[in-house]
Amino acid sequence: MSGRFITLEGSEGAGKSTNLEVVCKTLVQAGIDVYRTREPGGTPLAEALRKLLLAEWDETVDGVAELLLMFAARRQHLVNEIEPRLAAGQWVVCDRFTDATFAYQGYGRGLPLSYIEALESWVQESRRPDLSLYLDLDPKIGRARIADRVQDRLEREELMFFEAVRQGYLARAREQSHMHVIDASVPLAEVSAAVAGVVQTFVASQT
Ligand code: Z5A
């Protein structure tokens, strides 16, 4: 049997890194062989593209150029890591995937969603996440949580950008059945319990 593809999404400060551990631990406890990875990144070339994407430049970074770099990294990651592992029966847990592209480049940057849909079909063929957990948080609260962190090019965007990103995720969650919204404004233990619950229900539905 092929593996399952699970992704975790959220705005900055929503607790993504912390809860990725919870997703992996819940799967391991269920006896599942898990591979953890992230986007942009996940292979040497894709990690190099991540560095370029998050770096500051002495020029405006064009939104379409940013979008194409995201998908170039994604293609490399899919072909060299994600697809072979899923085919071998391993479950892949990925920190962000294409729902992030719809939210950040689509709703945040204002690029036409049709560009992203076309790239999604070309680059990913039929691959889509089987389950995606979106940690939802008011960006003002998220910003406060990561105030002491050195910020990269994307994290330095205005609050308005992150409000649009959040609306993008919520719009997608209304349309896409693979997405589950989790309230990330409550204490971490409660968020993690909700994350573990969704993962356990998903595992039970697959066996
Ligand atoms: N990006 C894109 O634009 N397009 C794409 O297609 C893709 C990505 C795939 C890098 O991603 C950037 O790439 C990202 C989107 C863009 N840019 N932004 N902004 P990333 O995933 O590496 O970036 P990140 O959002 O900064 O990830 P992160 O650090 O893993 O997320 P986090 O949610 O901030 O994680 P955290 O470290 O677990 O939590 C932050 C702090 O909050 C920490 O001190 C926790 O202890 C605290 N926390 C967490 N939960 C709680 C609760 N419930 N209560 C109180 N405090 C909490």
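Key figures
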{"read-out": "Residue pairs meeting the criteria (Cβ under 6 Å; at least 6 apart or on separate chains; first on the phi > 0 side of the Ramachandran plot, in segment 13-37; second buried (at least 19 other Cβ atoms within 10 Å of the Cβ))", "value": "Gly13/Gly142; Gly15/Leu135; Gly15/Ala184; Gly15/Val191"}
{"read-out": "Number of the condition not met by Lys140 [criteria: (1) among the basic types (Lys, Arg); (2) in a helix (DSSP H, G or I); (3) modelled with pLDDT of 95 or more; (4) surrounded by 14 or more Cβ atoms within 10 Å (Cβ to Cβ)]", "value": "(4)"}
{"read-out": "Which numbered condition Phe5 fails, given (1) more than 30 Å from Leu159 (Cβ to Cβ); (2) near the ligand (Cβ under 10 Å from one of its atoms)", "value": "(2)"}
{"read-out": "Count of segment 120-135 residues which are of a type in the set (A, V, I, L, M, F, W, C) and assigned to a strand (DSSP E or B)", "value": "3"}
{"read-out": "Condition check for Arg128: more than 8 Å from the ligand (Cβ to nearest atom) and modelled with pLDDT of 95 or more", "value": "yes"}
{"read-out": "Set Tyr115, Tyr104, Tyr134: member being in contact with a Phe, Trp or Tyr (Cβ under 6 Å, 6 or more places away or on another chain) and surrounded by 14 or more Cβ atoms within 10 Å (Cβ to Cβ)", "value": "Tyr134"}
{"read-out": "Filter result (buried (at least 17 other Cβ atoms within 10 Å of the Cβ), more than 18 Å from the chain's Cα centre (by Cα) and polar (S, T, N, Q)) within segment 9-41", "value": "Thr26"}
{"read-out": "Filter result (in a helix (DSSP H, G or I), more than 20 Å from His180 (Cβ to Cβ) and without any contact (Cβ under 8 Å) to a residue 40 or more places away in the chain) within segment 85-119", "value": "Leu113, Ser114, Glu117, Ala118"}
{"read-out": "Set Glu56, Glu81, Glu47: member being more than 8 Å from the ligand (Cβ to nearest atom) and touching a strand residue (DSSP E or B) at 6+ places or on another chain (Cβ under 8 Å)", "value": "Glu81"}
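One line per residue, one yes/no per condition, for (1) in a helix (DSSP H, G or I); (2) more than 11 Å from the ligand (Cβ to nearest atom); (3) touching a Gly at 6+ places or on another chain (Cβ under 6 Å); (4) over 18 Å from Ala100 (Cβ atoms):
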{"site": "Arg174", "(1), (2), (3), (4)": "yes, yes, no, no"}
{"site": "Val181", "(1), (2), (3), (4)": "no, yes, no, no"}
{"site": "Val186", "(1), (2), (3), (4)": "no, no, no, yes"}
{"site": "Ala189", "(1), (2), (3), (4)": "yes, no, no, yes"}
{"site": "Ser192", "(1), (2), (3), (4)": "yes, no, no, yes"}
{"site": "Ala196", "(1), (2), (3), (4)": "yes, yes, no, yes"}
{"site": "Val199", "(1), (2), (3), (4)": "yes, yes, no, yes"}
{"site": "Ala204", "(1), (2), (3), (4)": "yes, yes, no, yes"}
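The values are calculated or read from the model by the stated rules, or taken from the named source; none is laboratory data. No experiment lies behind these values; they were computed from the predicted model shown. Positions of Cβ are generated from backbone atoms using ideal geometry, with glycine treated the same way; all protein chains shown enter the neighbour counts.
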